[in-house]
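Below you'll find the structure, written out as structure tokens, and then a few comments.
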Amino acid sequence: DHEVIIHSRLKLPKDLFYGRQVQMSMIMHQLQSATMLGDQPLMALIAGYPGTGKSTLVDQIKKPLADKDGLIIEGKFDSSACPDKVLASALDSFFTDINASNAGENAHMSMRWRISDAVGSGVSCLYDSIPSLRTFMDDGTEGDRSEWRKIAGNALDQRLKYMFCKLISAIPCRSQPLVLVLDDLQWADEMTLGVIRMLMTDPEIHHFLLLGCYRENEVNDSHMLSTSLNDIREEGINIMTIKVGAIEKESTNALISDVMCLPPNLCRPLSNVVHRKTGGIIMFVLRLLASLNNEELIWYS
């Protein structure tokens, strides 16, 4: 959300994280529960308008997760892309990174065993959509897909959902918790939402947290995402919803103070104007600062 280039004369903070302490504590509580207890799958949704910093909020968990030797799978839906490819692509990127990592062979071997136990011989049927999985499993065979060729239509969709669910559920363990991040869920397809439901209602999944982000202004009660989440809640699953809105005036002032390298009290007249014009939407705050800088109306001296 913060891909804004500000002229070098201004000091752009590396960590554009302002006014989100409450939301951050909620996410960290979920992460702590998933890593320390891990007795059931956990889910948190981050809802907000475009530009409010949902993705930046998610980024804050990466370091504490890495400190716990945790793993992360990231997928992002796009209004112009094929949504049914997002989960497979995210898993392919994950296993590509695993294959290139310097993690101990014992950890890799343990994960291979868990995947083999959970997915069985059907793992070979995922190789087409997740090519790096074959490399990770060190499988040089084609596998027997004759049974799959007999399946079509809805039955095939259900089988694929099940296989994706079992694959993901086999990745985490106590020593390596897993966070699955799915961004822009308002564009998610029916199959991915089905996999999410399977994951969240599977009592055998441990040390797992699903973080989903969506634009709340694009999701109403009849939206496919809403109905899917209601189905999950009806199964008795608690879903934490974290609202991300505009930042307060004080947070806008703190951001501008850091950017301008000036004391907060000197920035207040400017920050009041910026907050009023942008409504406190952090992406718009940054764009306005960039515009003022490009027009040489503000600069770092």
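The values are calculated or read from the model by the stated rules, or taken from the named source; none is laboratory data. Predicted, not measured: the structure shown is a model, and the values here were computed from it. With ideal geometry, Cβ positions are generated from the backbone for all residues, glycine too; neighbour counts draw on all protein chains shown. Surface areas here come from the heavy atoms of the whole protein model, side chains and all, with no ligands, DNA or RNA. Shrake-Rupley method; radii C 1.70, N 1.55, O 1.52, S 1.80 Å.
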Handout entry: Members of the range 197-215 found to be out of contact with any Pro (no Cβ under 6 Å at 6 or more places or on another chain) and over 25 Å from residue 186 (Cα atoms), listed by number
Key = 203, 204, 206
Exercise for the section: Looking only at the range 276-286, decide whether some residue is open to solvent by less than 10 Å² (accessible area, probe 1.4 Å) and outside any helix (DSSP H, G or I). Expected result: yes
Completion exercise
The residue that is most open to solvent (accessible area, probe 1.4 Å), considering only those in the range 71-81 that are touching a residue at least 24 places away in the same chain (Cβ under 8 Å) and of a type outside the set (Asp, Glu), is 76
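In the range 143-173, what count of residues is obtained for those that are at pLDDT below 80 and at negative phi? Break it down stepwise before answering.
Of the range 143-173, the ones at pLDDT below 80 are 143-157.
Adding the requirement that they be at negative phi leaves 144-152, 154-157.
Residues in the range 143-173 being at pLDDT below 80 and at negative phi: 13 in total.
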Exercise for the section: Go through the range 101-136 residue by residue and tally those that are open to solvent by 30 Å² or more (accessible area, probe 1.4 Å), modelled with pLDDT of 90 or more and of a type outside the set (Ser, Thr, Tyr). Expected result: 8
Fill in the blank from the handout: Considering the range 184-197, residues that are open to solvent by 20 Å² or more (accessible area, probe 1.4 Å) and touching a Ser or Thr at 6+ places or on another chain (Cβ under 9 Å), and then whichever is nearest to residue 229 (Cα to Cα), we arrive at 197
Exercise for the section: For the range 257-271, name all the residues that are open to solvent by 60 Å² or more (accessible area, probe 1.4 Å) and part of a helix (DSSP H, G or I). Expected result: 258, 264, 265, 266, 268, 269
